[in-house]
1. Take the stretch B:301-349 and flag every residue that is more than 15 Å from B:Tyr269 (Cα to Cα), outside any loop (DSSP other than H, G, I, E, B) and among the charged types (D, E, K, R).
2. Would you be able to say whether some residue in the stretch B:356-365 is closer than 22 Å to B:Gly304 by Cβ, more than 18 Å from the chain's Cα centre (by Cα), among the aliphatic types (A, V, I, L, M) and assigned to a helix (DSSP H, G or I)?
3. Here are B:Ala209, B:Ala228, B:Ala186, B:Ala233: which of them is buried (at least 17 other Cβ atoms within 10 Å of the Cβ) and assigned to a helix (DSSP H, G or I)?
4. Looking at B:Gly161, B:Gly128, B:Gly144, which is the one that is assigned to a helix (DSSP H, G or I) and of a type in the set (Gly, Ala, Ser)?
5. Being surrounded by 22 or more Cβ atoms within 10 Å (Cβ to Cβ), modelled with pLDDT of 95 or more and farther than 21 Å from A:Met177 by Cβ narrows it down to one residue among A:Trp354, A:Trp345, A:Trp295, A:Trp371; which is it?
6. Identify all residues within the stretch A:330-386 that are charged (D, E, K, R) and within 14 Å of chain B (Cβ to nearest Cβ); write none if there are none.
7. Quick one: how many residues across the stretch A:229-253 are over 19 Å from A:Trp354 (Cβ atoms) and not β-branched (Val, Ile, Thr)?
8. Does the stretch B:133-145 contain at least one residue that is under 29 Å from B:Phe23 (Cα atoms), crowded, with 22+ Cβ neighbours inside 10 Å and of a type outside the set (A, V, I, L, M, F, W, C)?
There are 2 protein chains.
Amino acid sequence: MYVKGVNLGNWLVLEKWMSPALFEGTAAEDEYYLPTQLSKEVYEARIKIHRAEYISERDFTRIKSMGMDAVRIPVPYFIFGDREPFIGCVEELDKAFNWAEKYGLQILIDLHTAPDSQNGFDNGGISGVCKWSQEPDEVEFELGVLERLAKRYGTRRGLWGIEILNEPILENMWKTMDVENRFRPADPQKAEGTRPNTMEFIRGFYLQAYDRIRTYMPDEKYVVFHDAFELKAWKDFMRGEKYKNVVLDTHQYLMVAEALGCEQTVESYTTYIRENLAKDIEEMQQYFPVICGEWCLFNSLACGCDTKGGQSVLNGVEGSAAETVSPEEKQRIYSALAKAQLDAWKKGSGYFYWSYKLLVDTVNEAGWIGWDSWDFGRCADFGWFPKE
Amino acid sequence: MYVKGVNLGNWLVLEKWMSPALFEGTAAEDEYYLPTQLSKEVYEARIKIHRAEYISERDFTRIKSMGMDAVRIPVPYFIFGDREPFIGCVEELDKAFNWAEKYGLQILIDLHTAPDSQNGFDNGGISGVCKWSQEPDEVEFELGVLERLAKRYGTRRGLWGIEILNEPILENMWKTMDVENRFRPADPQKAEGTRPNTMEFIRGFYLQAYDRIRTYMPDEKYVVFHDAFELKAWKDFMRGEKYKNVVLDTHQYLMVAEALGCEQTVESYTTYIRENLAKDIEEMQQYFPVICGEWCLFNSLACGCDTKGGQSVLNGVEGSAAETVSPEEKQRIYSALAKAQLDAWKKGSGYFYWSYKLLVDTVNEAGWIGWDSWDFGRCADFGWFPKE
């Protein structure tokens, strides 16, 4: 098994920077606060048009024509429409399965958010809050969502697998990402008690989730768990006979390398990729098939300025005001990094680019120069990937 | 000059079949009645998200990477935001110019609608109504819009030209298309007095429009006029010295051939294209550079059923319930028709495919099988165009 895929990020789980129009005229920084800032009717109108237009059948034909095998689809905890004021989106996922099956793609369903969040990131649903694992009822709710997903899609031809939970955060990454300063809570009272998850909790949750999912999903489909940003901490995990087709998902961004002090040059990036990512994946591939479920070409060098670990105008870090890196230079940087990263993923069992599509406007909006590299479609249009 | 381009249809001028979600829960069949069926807030929310997401910067990189030189952008008469309850969209066109200039594309601005309509089609803005040319104030308003467009964009590097008016209809096409039965007015009283335009009026309008546009637009930019579905009726038109860089635009769809009795076989379609389209374009190319400003691969044969001249489930004609034409057979049909049509356009000065993007769902919605051929992106994904 080797999977080549893209994420359909920002379709069913919103990220403000990826579709700014949805948040226009509001002070909301995340999906949680968006409905509190709009009338019910306007919220519904925006979300429904977004879902209908952001991803449609034609995106599946494009992804297939790009040579991909699969899509990873982030879904929110309210996918089944049972958590007011949010609007469910299971009909959209149903449609996606029909498109995928028609055009020969497979779907990795990725449960991307949890009530009160598993990481405090904006893309966890509520910025600056990370309390879900401390709330037993919500933990049970999340398990129920996984169970319902397995029940509905477990035997579908188009199902590649289900990912238990996206990016639950532990102590180390909490510090590296400087979550407390980078993602300030809109309501400090609601954020009270926020802290990273414990490894003990996450392991227990994964084990329970595995059992709940497998009840409805045949052995040949994959159960995917995220490494919680600790790629090498899982050597003793799920070693028993009963665990079938379990995949370890690691997310690797160059901006994390930058945050860890990697120099902003092609040579340093590629050394980092070769010496850290490729080696660690190779090592962990002995225990599980390892996929890189999120990665991209983005880096500060091609932006022409230090993004301080991928921070944007949205969190107060100015981007370049004008292009300073020529198209030829970008081509050189991105091609080298694409090759290095694709080589690293080959030590494992595949990858999903983040993300297939972004609406970030690098021409009309100041500060976004260089951010087109998050967009798989644009990267392909520009010829930044090596021909395989 | 030879131009290869695509239309950005349904972005700034709506067509229900191309983006059904916008019309959901309403009885509106066209852009005119949509705001009468929604609250002001919901209408605005739907339109704004649609405009922000349907076409964005990444579409310009894609179109460029497909080898195109230009886009034709249909705009409504209310583009400047001065006709309540409609919402203007000149900011979107501004953005498009910036994208086009960044990525090396040119824009043909196409004034696609007129108050009370110039053709009675759904895409003229109001189905079953065709009275604009009988209303002198509205005719003057339309000239004013052209003037303002020329003033705002006339000297932009990204401007290819301005098209005076899309598809004003005359007596012949009125009958061929059976407008009165195909596009029933929602309000028969409003439609009273509806009839095709006269050739005399259209000629006069074009002459006036030319003068108004040229005042602000340098000679090297193109003034484009549509043939009003009478390709060969313009031999004596605009012959004077003063007319510079005038382009004749003709729209040619196989569904019109079908409506005129062309048999639904590859051989008959290609004969029709060779004997009619190619010859007529070659003849008219002696008078003006001729472009085929709208065309596509759509035909009844590949749908697997007679669409009666391209009628859809929206106007009560059932489509195929399941695929009956194999992918290989579609490939054969579409490739042959693509080649024949592209050869015909080569007798003239270029083309614009209709359309770059459609949201029609051929998998989850019954009756739309075969309609993916209207979508340039999907046609490219499927490899239906010959490599040039």
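1. Result: B:Glu328, B:Glu329.
2. Checking the stretch B:356-365: not a single residue is closer than 22 Å to B:Gly304 by Cβ, more than 18 Å from the chain's Cα centre (by Cα), among the aliphatic types (A, V, I, L, M) and assigned to a helix (DSSP H, G or I).
3. Only one candidate passes the filter, namely B:Ala209.
4. Working: B:Gly161 fails: assigned to a helix (DSSP H, G or I); B:Gly128 fails: assigned to a helix (DSSP H, G or I).
Only one candidate passes the filter, namely B:Gly144.
5. A:Trp345
6. A:Lys330, A:Lys357, A:Asp361, A:Glu365, A:Asp372, A:Asp375, A:Arg378, A:Asp381
7. As a first pass, look at the stretch A:229-253 and keep what is over 19 Å from A:Trp354 (Cβ atoms): A:230, A:232-246.
Checking which are not β-branched (Val, Ile, Thr) leaves us with A:230, A:232-245.
Result for the stretch A:229-253: 15.
8. Yes, the stretch B:133-145 has at least one match.
The values are calculated or read from the model by the stated rules, or taken from the named source; none is laboratory data. Keep in mind it's a predicted model, so treat the numbers as computed, not measured. Every residue, glycine among them, receives a Cβ derived from its backbone with ideal geometry; neighbour counts consider all protein chains shown.
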